[in-house]
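Engineer: After the structure tokens below, expect a handful of questions from me.
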Amino acid sequence: MDHSRRCHFLDFKGKYLVLFFYPLDSTFVCPTEIIAFSDRAEEFRKIGCEVAAVSVDSRFSHMKYCQTPRNQGGLGDMQIPLIADIAKTISADYGVLIDDPQDGDFGVAFRGTFIVDKNGVLRHYSVNDLPVGRNVDETLRLVQAFQFTDEHGEVCPASWKPGKPTMVPDHGSQKLQQYWTEEHAKKE
């Protein structure tokens, strides 16, 4: 992917978007997350979802990070854009910028994950503290669940995955009763 070109949010219009923030290039947990999302980018694209990463580093830092091989702590070839938020406005607008001058990590972003649907509506966000990375499988599952609810008007129970039973949000529905009967019959 060409990291020298400018990336605009309009590039993602009409698609789902996973926008994730990370603290800094060339650190420790960050490359594990960025590589994990990049390596799964095609899975996201197949379901109409793009993935983009944001940090407060410059585009030059991003380019160098991508030029550094993975076996040397870099990112190597990336399948997702890295957005340079050197002015820190995107991180501040999304509420993930550490803005307390007393904090030793002042000026970097928390590990925020935002899922925006094809209509530009925020469907999910979560924020991790700096030392803990995200789960790409869970992010993909969430996108699939939101897309399922968009398409079918049904709701997805805890830990739902594609192909698993869903519910109709109507207490009088036959399908809802069937869900409860089948789910609890398995456990009794």
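No lab work stands behind these numbers, since they all come straight from the coordinates. Small disclaimer: the values here were computed from a predicted structure and weren't measured. With ideal geometry, Cβ positions are generated from the backbone for all residues, glycine too; neighbour counts draw on all protein chains shown.
Engineer: Residue-wise, which Karplus ³J(HN,Hα) couplings in Hz belong to the range 86-92, taking 6.51 cos²θ - 1.76 cosθ + 1.60, θ = phi - 60°, and x for glycine or proline?
Structural biologist: Result, ordered by residue: 4, 7, 6, 6, 5, 4, 5 Hz.
Engineer: Give me a comma-separated list of calculated 3J(HN,Hα) values for the range 137-143, in order, Karplus coefficients 6.51, -1.76, 1.60 applied at θ = phi - 60°, integers in Hz, x for any Gly or Pro.
Structural biologist: 4, 5, 5, 4, 4, 4, 4
Engineer: Over the range 9-152, what is the relative contact order in percent, taking alpha-carbon pairs closer than 8 angstrom and at least six residues apart?
Structural biologist: With pairs under 8 Å counted, the relative contact order is 29 percent.
Engineer: Sticking with this structure for a sec: Percent antiparallel among DSSP beta bridges with both residues in the chain, to the nearest 5?
Structural biologist: If I count the DSSP bridges inside the chain, around 55 percent turn out antiparallel.
Engineer: Also, quick follow-up: Whole-Hz Karplus ³J(HN,Hα) for the range 43-53, in order, using 6.51 cos²θ - 1.76 cosθ + 1.60 and θ = phi - 60°, x for Gly and Pro?
Structural biologist: 4, 5, 4, 4, 9, x, 10, 9, 10, 9, 10
Engineer: How high is the relative contact order of the range 1-93, in percent, with contacts defined as C-alpha pairs under 8 Å that are six or more residues apart?
Structural biologist: Once divided by the residue count of the range 1-93, the mean separation gives 34 percent.
Engineer: Over 18 Å between C-alpha atoms is what I'm after, so list which of Lys15/Lys46; Lys13/Lys161; Lys46/Lys175 land there.
Structural biologist: Violating the 18 Å Cα-Cα cut-off are Lys13/Lys161; Lys46/Lys175.
Engineer: When the scattering of the chain is computed by the Debye formula from its Cα atoms alone, each counted once and equally, what is log10 I(q)/I(0) at q = 0.12, 0.15, 0.17 Å⁻¹?
Structural biologist: With no solvent term, the Cα-only Debye profile gives -0.64, -0.89, -1.07.
Engineer: For the chain, what is the charge dipole size about the Cα centre, in debye to the nearest 20, if Lys and Arg each add +1 at the Cβ and Asp and Glu each add -1 at the Cβ?
Structural biologist: Charge dipole of the chain: 460 debye, to the nearest 20.
Engineer: How far is it, in nm, from the label point at Asp11 to the one at Asn71 when both lie 7 Å from their Cα along the line to the Cβ?
Structural biologist: 3.0 nm
Engineer: Suppose the chain between Ser173 and Asp39 were pulled fully straight at 0.36 nm per residue; how much longer would it get relative to their current alpha carbon spacing?
Structural biologist: Fully extending the segment from Ser173 to Asp39 adds 44.1 nm.
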